[in-house]
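First up is the structure itself, then whatever we jot down about it.
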Amino acid sequence: MKQAMEIYFTKLLKEWKAFNGTLPITEWMEETEQFIFEGEKGEEGYIAWRPLKKEVDSNFEDVEKELNVQLHPDIKAYFNSYWFLELAGTYNGYDLVLNPVVPGIELQEFKQETKLYKAAHYHQLVNIPIGIESDGLLLVVDNESGEVKLEDYERKSFERISGNLSGVIRGL
């Protein structure tokens, strides 16, 4: 996972530099731990940020206990590889936006989103939400196999798009 993210973030930084000569820029968020930001917030509330390798793993014990589920290792690896505020791109014709790993709020956001997902799925966590697709489909990881799928909640259907999350990130 770390290698796939390193390749992705190297490309992201290179493209932002070529596009406008800066690091990626995002809206400043007060609840975010400031070490991910570079420079000062601009007049319009935007600030540069840099993806950073995580040096300390997040502990999922409380999250798993509260959700009553053992999370797939790919989910944990995803949240324990890098700090970042954006991970998006096109994969096999799909425009995907994966959930950020924001310092200071990463596991709270993940836990809250997963609780809502669980409540909407008969209190089952067969899949774990990890992002969205531009047409409003959910991007999920099969919590048993690690396969990545697009979920159409209204149609109650799933489309497998990758064997694993690293494959999706490598292909963005």
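Readers should treat all values here as calculations from the given coordinates under stated rules, not as data from a laboratory. All values derive from a computational prediction rather than experimental measurement. Methodologically, a virtual Cβ is constructed for each residue, glycine included, from the backbone with ideal geometry; neighbour enumeration extends over all protein chains shown.
At a glance:
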{"quantity": "Selected residue (criterion: surrounded by the fewest Cβ atoms within 10 Å (Cβ to Cβ)) from residues of region 4-34 that are free of Cβ contacts under 8 Å to residues at least 40 places away in the same chain and polar (S, T, N, Q)", "calculated": "Asn20"}
{"quantity": "Subset of region 138-166 that is closer than 15 Å to Leu98 by Cβ and without any contact (Cβ under 8 Å) to a residue 24 or more places away in the chain - its residue that is surrounded by the most Cβ atoms within 10 Å (Cβ to Cβ)", "calculated": "Val148"}
{"quantity": "Search result, residues across region 1-49 that are hydrophobic (A, V, I, L, M, F, W, C), farther than 20 Å from Pro103 by Cβ and either in contact with a helix residue (DSSP H, G or I) (Cβ under 8 Å, 6 or more places away or on another chain) or assigned to a loop (DSSP other than H, G, I, E, B) (or both)", "calculated": "Ala4, Ile7"}
{"quantity": "Single residue of region 50-74 satisfying the filter (among the aliphatic types (A, V, I, L, M) and part of a helix (DSSP H, G or I)) that is nearest to the chain's Cα centre (by Cα)", "calculated": "Val63"}
{"quantity": "Search result, residues across region 55-87 that are farther than 17 Å from Phe110 by Cα and in contact (Cβ under 8 Å) with a residue 12 or more places away in the chain", "calculated": "none"}
